[in-house]
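Values quoted throughout were computed directly from the atomic coordinates according to the rules given, and no laboratory measurement underlies them. On a predicted model such as this, the values are computed, not experimentally measured, just so you know. Here the Cβ is made from the backbone with ideal geometry for all residues, glycine too, and neighbour counts use every protein chain on show.
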Amino acid sequence: MEEQNYLCVSCFQVITNPICPVCFLREVKIWLKEQSVSEKTKQKVTEELTNVLNNLAEKPADTNCILCGSRNVSLCMYCLIWKTNRIIKKYTSNKKAVENFEEIFNYNS
Ligand SMILES: [Zn+2]
Ligand SMILES: [Zn+2]
């Protein structure tokens, strides 16, 4: 089987671990549940992130998700995480939650 490399539409890096927006959202929701931020914050973050990711998921792409197989991966993990991080910071100033997100999702690596 020939392996093909597809580029992220945002940063133009090769997508090495393609995760689709739907699977990514599921992971973030699981993470969010554990955080000590208000229910309102969780709701706001989930709402905005769902909007952003659903828009992405609807765009046709060439790369299959390694988790569910959907052919809708157009962004690399780094860009997904970056977008999510911005939304989280918008709704909470809870440093612990932000740091924990960056740690869990390897924002800096
Ligand atoms: Zn990217
Ligand atoms: Zn998926």
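Numbers below:
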{"item": "Estimated dipole of the chain in Debye, rounded to 20 [Cβ of Lys and Arg +1, of Asp and Glu -1, Cα centre]", "result": "540"}
{"item": "Selection from 74, 88, 100, by position along the positive dipole direction of segment 62-109 (Cβ)", "result": "88"}
{"item": "For q = 0.09, 0.16, 0.23 Å⁻¹, Debye-computed log10 I/I(0) when each Cα of the chain counts as one equal scatterer", "result": "-0.23, -0.70, -1.28"}
{"item": "Segment 3-109: chymotrypsin sites (Phe, Trp or Tyr not before Pro) in DSSP loop, at most 12 other beta carbons within 10 Å", "result": "12"}
{"item": "Exposed-site-free run, longest, the chain (rule: GluC sites (Glu not before Pro); DSSP loop; at most 12 other C-beta within 10 Å)", "result": "35-109"}
